[in-house]
Amino acid sequence: MTNSCSDLIKECTKKKYITITDRGNTAIDLALQLVKEHRTKTTILIPDQGGWIHFAKAPPRFGLQVKKLKTNYGIINPEDCKDAAAILYSAYAGYFAQQDIKEIYQEAKKNNVLVILDISASYTATEIDADILVASCRKIIGAESGGFIATDFAIEEIQGCTQELQEKLQNAPARLKELLATQKKVKEDLKDEEIFHKDRLGIAVAVKTSQKVLEYTKEHNYETIRCPKNIKIEADAVVIDLYE
(Lines give C-alpha, C1' and ligand atoms only; values in the text may rest on other atoms or scores of the structure.)
Protein backbone atom coordinates (compact mmCIF):
# COMPACT_ATOMS: atom_id res chain seq x y z
CA MET A 1 0.00 0.00 0.00
CA THR A 2 2.73 2.49 1.00
CA ASN A 3 4.09 3.04 -2.50
CA SER A 4 1.13 2.01 -4.62
CA CYS A 5 -0.24 5.53 -5.16
CA SER A 6 3.15 6.92 -6.16
CA ASP A 7 3.73 3.98 -8.47
CA LEU A 8 0.42 4.66 -10.22
CA ILE A 9 1.24 8.36 -10.60
CA LYS A 10 4.76 7.61 -11.85
CA GLU A 11 3.36 5.22 -14.43
CA CYS A 12 0.95 7.88 -15.66
CA THR A 13 3.25 10.92 -15.58
CA LYS A 14 6.54 9.23 -16.54
CA LYS A 15 8.33 11.32 -13.89
CA LYS A 16 11.01 10.02 -11.50
CA TYR A 17 9.93 11.74 -8.29
CA ILE A 18 6.48 12.01 -6.71
CA THR A 19 5.31 13.73 -3.56
CA ILE A 20 1.71 13.33 -2.48
CA THR A 21 0.47 16.49 -0.77
CA ASP A 22 -2.49 17.53 1.34
CA ARG A 23 -3.94 19.59 -1.54
CA GLY A 24 -3.24 20.88 -5.02
CA ASN A 25 -2.15 24.32 -3.78
CA THR A 26 0.64 22.73 -1.76
CA ALA A 27 1.88 21.00 -4.92
CA ILE A 28 1.99 24.40 -6.67
CA ASP A 29 3.99 25.82 -3.76
CA LEU A 30 6.53 23.00 -4.05
CA ALA A 31 6.79 23.62 -7.79
CA LEU A 32 7.51 27.31 -7.25
CA GLN A 33 10.21 26.41 -4.72
CA LEU A 34 11.85 24.33 -7.43
CA VAL A 35 11.73 27.33 -9.77
CA LYS A 36 13.56 29.38 -7.13
CA GLU A 37 16.23 26.70 -6.87
CA HIS A 38 16.77 26.14 -10.60
CA ARG A 39 16.27 29.55 -12.21
CA THR A 40 17.71 33.03 -11.62
CA LYS A 41 14.88 34.91 -13.29
CA THR A 42 11.91 35.76 -11.07
CA THR A 43 8.92 36.11 -13.41
CA ILE A 44 6.15 33.52 -13.50
CA LEU A 45 3.88 33.55 -16.55
CA ILE A 46 0.22 32.67 -16.03
CA PRO A 47 -2.84 32.97 -18.32
CA ASP A 48 -5.06 36.02 -17.88
CA GLN A 49 -8.08 33.70 -17.49
CA GLY A 50 -8.91 30.03 -17.30
CA GLY A 51 -6.32 29.31 -14.61
CA TRP A 52 -6.56 28.86 -10.85
CA ILE A 53 -6.63 31.37 -7.97
CA HIS A 54 -3.35 30.10 -6.51
CA PHE A 55 -1.50 30.74 -9.78
CA ALA A 56 -1.54 34.47 -9.00
CA LYS A 57 -1.49 34.32 -5.19
CA ALA A 58 1.41 31.94 -4.61
CA PRO A 59 4.41 33.34 -6.54
CA PRO A 60 4.86 36.55 -4.44
CA ARG A 61 5.27 34.37 -1.35
CA PHE A 62 8.43 33.03 -2.95
CA GLY A 63 9.74 36.40 -4.09
CA LEU A 64 8.48 35.80 -7.62
CA GLN A 65 6.56 38.22 -9.85
CA VAL A 66 3.46 37.31 -11.83
CA LYS A 67 3.00 38.29 -15.46
CA LYS A 68 -0.41 37.57 -16.94
CA LEU A 69 -0.39 36.53 -20.59
CA LYS A 70 -3.15 37.81 -22.82
CA THR A 71 -5.02 34.76 -24.08
CA ASN A 72 -7.78 33.82 -26.47
CA TYR A 73 -10.41 33.06 -23.83
CA GLY A 74 -7.83 31.12 -21.84
CA ILE A 75 -5.82 29.64 -24.72
CA ILE A 76 -2.16 30.63 -24.50
CA ASN A 77 -0.11 31.68 -27.52
CA PRO A 78 3.02 29.46 -27.31
CA GLU A 79 5.17 32.27 -28.69
CA ASP A 80 4.57 34.22 -25.46
CA CYS A 81 6.54 31.67 -23.43
CA LYS A 82 9.71 33.72 -23.02
CA ASP A 83 11.54 36.15 -20.74
CA ALA A 84 10.55 34.34 -17.56
CA ALA A 85 11.63 31.74 -15.04
CA ALA A 86 8.57 29.56 -15.60
CA ILE A 87 5.07 29.31 -16.97
CA LEU A 88 2.29 27.93 -14.77
CA TYR A 89 -0.95 26.93 -16.45
CA SER A 90 -3.75 24.34 -16.59
CA ALA A 91 -3.76 21.70 -19.32
CA TYR A 92 -7.46 22.43 -19.87
CA ALA A 93 -8.15 26.18 -19.75
CA GLY A 94 -11.08 26.72 -17.41
CA TYR A 95 -11.37 22.93 -17.59
CA PHE A 96 -13.17 23.31 -20.95
CA ALA A 97 -10.41 23.71 -23.57
CA GLN A 98 -7.15 21.85 -24.00
CA GLN A 99 -4.11 24.06 -24.43
CA ASP A 100 -1.50 23.60 -27.15
CA ILE A 101 0.61 21.69 -24.65
CA LYS A 102 3.36 20.35 -26.90
CA GLU A 103 3.87 23.70 -28.64
CA ILE A 104 3.99 25.58 -25.32
CA TYR A 105 6.62 23.16 -24.01
CA GLN A 106 8.75 23.39 -27.15
CA GLU A 107 8.71 27.19 -27.14
CA ALA A 108 9.43 27.35 -23.42
CA LYS A 109 12.39 24.97 -23.73
CA LYS A 110 13.81 27.11 -26.53
CA ASN A 111 13.67 30.11 -24.19
CA ASN A 112 14.90 28.35 -21.01
CA VAL A 113 11.50 28.71 -19.33
CA LEU A 114 10.42 25.95 -16.96
CA VAL A 115 6.94 24.55 -17.56
CA ILE A 116 4.63 23.81 -14.62
CA LEU A 117 1.51 22.06 -15.89
CA ASP A 118 -1.60 21.66 -13.75
CA ILE A 119 -3.24 18.37 -14.73
CA SER A 120 -6.03 18.41 -12.15
CA ALA A 121 -8.61 18.23 -14.95
CA SER A 122 -6.63 16.03 -17.33
CA TYR A 123 -4.86 13.40 -15.23
CA THR A 124 -4.16 10.31 -17.39
CA ALA A 125 -4.36 12.34 -20.62
CA THR A 126 -1.45 11.65 -22.98
CA GLU A 127 -0.25 15.24 -23.51
CA ILE A 128 1.72 16.06 -20.37
CA ASP A 129 4.79 17.85 -21.77
CA ALA A 130 6.19 19.73 -18.79
CA ASP A 131 9.11 19.92 -16.37
CA ILE A 132 6.82 19.79 -13.35
CA LEU A 133 3.32 18.36 -13.11
CA VAL A 134 0.97 19.37 -10.31
CA ALA A 135 -2.58 18.36 -9.53
CA SER A 136 -5.41 18.38 -7.08
CA CYS A 137 -6.80 14.88 -6.51
CA ARG A 138 -10.37 16.22 -6.33
CA LYS A 139 -11.17 16.69 -10.03
CA ILE A 140 -10.48 13.84 -12.47
CA ILE A 141 -9.13 11.59 -9.74
CA GLY A 142 -12.24 12.28 -7.68
CA ALA A 143 -10.75 11.90 -4.19
CA GLU A 144 -12.07 13.96 -1.27
CA SER A 145 -8.70 15.67 -0.75
CA GLY A 146 -5.03 15.56 -1.66
CA GLY A 147 -2.73 16.54 -4.50
CA PHE A 148 0.66 15.69 -5.93
CA ILE A 149 3.75 17.00 -7.65
CA ALA A 150 5.63 14.94 -10.23
CA THR A 151 9.00 15.90 -11.69
CA ASP A 152 12.43 14.71 -12.75
CA PHE A 153 14.05 17.24 -10.40
CA ALA A 154 15.29 15.46 -7.28
CA ILE A 155 12.77 16.10 -4.50
CA GLU A 156 11.98 14.42 -1.22
CA GLU A 157 9.34 11.81 -1.96
CA ILE A 158 6.60 11.95 0.65
CA GLN A 159 3.92 9.28 0.54
CA GLY A 160 0.33 9.80 1.58
CA CYS A 161 -1.40 6.82 0.03
CA THR A 162 -4.81 5.71 1.26
CA GLN A 163 -7.06 2.93 0.04
CA GLU A 164 -9.49 5.54 -1.30
CA LEU A 165 -6.78 7.40 -3.24
CA GLN A 166 -5.38 4.18 -4.67
CA GLU A 167 -8.80 3.15 -5.95
CA LYS A 168 -9.50 6.60 -7.38
CA LEU A 169 -6.16 6.66 -9.21
CA GLN A 170 -6.91 3.25 -10.72
CA ASN A 171 -10.34 4.46 -11.88
CA ALA A 172 -9.09 7.81 -13.25
CA PRO A 173 -8.53 6.71 -16.89
CA ALA A 174 -12.12 5.47 -17.19
CA ARG A 175 -13.43 8.61 -15.48
CA LEU A 176 -11.60 10.91 -17.89
CA LYS A 177 -12.79 8.91 -20.90
CA GLU A 178 -16.38 9.15 -19.66
CA LEU A 179 -16.18 12.90 -19.05
CA LEU A 180 -14.66 13.59 -22.47
CA ALA A 181 -17.50 11.60 -24.04
CA THR A 182 -20.03 13.61 -22.04
CA GLN A 183 -18.43 16.86 -23.18
CA LYS A 184 -18.77 15.72 -26.79
CA LYS A 185 -22.47 14.92 -26.27
CA VAL A 186 -23.23 18.25 -24.60
CA LYS A 187 -21.51 20.12 -27.43
CA GLU A 188 -23.59 18.18 -29.94
CA ASP A 189 -26.78 18.98 -28.02
CA LEU A 190 -25.87 22.68 -28.02
CA LYS A 191 -24.33 22.82 -31.50
CA ASP A 192 -26.57 25.73 -32.53
CA GLU A 193 -25.32 27.82 -29.60
CA GLU A 194 -22.08 29.83 -29.43
CA ILE A 195 -19.63 27.38 -27.83
CA PHE A 196 -16.20 28.69 -26.89
CA HIS A 197 -13.32 26.58 -28.28
CA LYS A 198 -15.81 23.96 -29.44
CA ASP A 199 -13.11 21.79 -31.06
CA ARG A 200 -10.94 21.52 -27.95
CA LEU A 201 -11.17 18.73 -25.39
CA GLY A 202 -12.11 19.31 -21.76
CA ILE A 203 -14.27 18.19 -18.86
CA ALA A 204 -16.54 21.22 -19.05
CA VAL A 205 -18.31 23.23 -21.75
CA ALA A 206 -18.25 27.03 -22.04
CA VAL A 207 -21.16 28.45 -24.01
CA LYS A 208 -22.54 31.95 -24.48
CA THR A 209 -25.41 32.63 -22.12
CA SER A 210 -28.87 32.09 -23.61
CA GLN A 211 -32.29 30.98 -22.43
CA LYS A 212 -31.90 27.68 -24.27
CA VAL A 213 -28.61 26.95 -22.49
CA LEU A 214 -30.07 27.75 -19.09
CA GLU A 215 -33.08 25.52 -19.75
CA TYR A 216 -30.84 22.73 -21.02
CA THR A 217 -28.60 22.73 -17.95
CA LYS A 218 -31.60 22.77 -15.64
CA GLU A 219 -33.28 19.91 -17.51
CA HIS A 220 -30.13 17.77 -17.29
CA ASN A 221 -29.29 18.86 -13.74
CA TYR A 222 -25.78 20.03 -14.68
CA GLU A 223 -23.68 22.15 -12.35
CA THR A 224 -23.07 25.57 -13.91
CA ILE A 225 -20.92 28.62 -13.30
CA ARG A 226 -22.16 31.95 -14.58
CA CYS A 227 -19.40 34.02 -16.12
CA PRO A 228 -17.45 36.26 -16.52
CA LYS A 229 -15.34 34.54 -13.87
CA ASN A 230 -11.56 34.68 -14.08
CA ILE A 231 -10.80 31.04 -13.27
CA LYS A 232 -13.17 30.02 -16.07
CA ILE A 233 -13.73 32.58 -18.85
CA GLU A 234 -13.99 36.38 -19.05
CA ALA A 235 -17.14 36.43 -21.17
CA ASP A 236 -20.92 36.41 -20.86
CA ALA A 237 -21.06 32.65 -20.66
CA VAL A 238 -22.26 29.61 -18.81
CA VAL A 239 -19.62 27.01 -17.96
CA ILE A 240 -21.17 23.56 -17.58
CA ASP A 241 -19.00 21.60 -15.14
CA LEU A 242 -19.40 17.93 -16.04
CA TYR A 243 -17.12 16.57 -13.32
CA GLU A 244 -19.22 17.72 -10.37
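The values are calculated or read from the model by the stated rules, or taken from the named source; none is laboratory data. Bear in mind that the values here come from a model prediction, so they are computed numbers and not experimental data. Note that we place each Cβ from the backbone using ideal geometry, even for glycine, and neighbour counts take in every protein chain shown.
Points worth noting:
- Hits in segment 220-244 - residues which are among the charged types (D, E, K, R), within 16 Å of the chain's Cα centre (by Cα) and either more than 22 Å from Ile46 (Cβ to Cβ) or in a loop (DSSP other than H, G, I, E, B) (or both): Lys232, Glu244
- Meets criteria (in a strand (DSSP E or B), closer than 19 Å to Trp52 by Cα and small (Gly, Ala, Ser)) for Ala150: yes
- Residue in segment 159-166 that is part of a loop (DSSP other than H, G, I, E, B), in contact with an Asp or Glu (Cβ under 8 Å, 6 or more places away or on another chain) and over 24 Å from Leu214 (Cα atoms) present: yes
- Of the residues examined, Glu144 is one that is in the same structural domain as Val115 (by TED's automatic domain parsing) and assigned to a loop (DSSP other than H, G, I, E, B).
- Taking segment 173-183 as the range and being within 18 Å of Glu244 (Cβ to Cβ) and out of contact with any strand residue (DSSP E or B) (no Cβ under 8 Å at 6 or more places or on another chain) as the test, the residues that pass are Ala174, Arg175, Leu176, Lys177, Glu178, Leu179, Leu180, Ala181, Thr182.
- Summed over segment 115-143, the residues that are more than 22 Å from Lys177 (Cβ to Cβ) and either modelled with pLDDT under 95 or surrounded by fewer than 24 Cβ atoms within 10 Å (Cβ to Cβ) (or both) give a count of 2.
- Subset of segment 1-60 [outside any strand (DSSP E or B) and hydroxyl-bearing (Ser, Thr, Tyr)]: Thr2, Ser4, Ser6, Thr13, Thr26, Thr40, Thr42
- In segment 1-31, residue surrounded by the fewest Cβ atoms within 10 Å (Cβ to Cβ) [restricted to those that are free of Cβ contacts under 8 Å to residues at least 60 places away in the same chain and within 21 Å of Ser145 (Cβ to Cβ)]: Asp7
- Some residue of segment 87-95 being assigned to a helix (DSSP H, G or I) and either surrounded by fewer than 21 Cβ atoms within 10 Å (Cβ to Cβ) or modelled with pLDDT of 95 or more (or both): no
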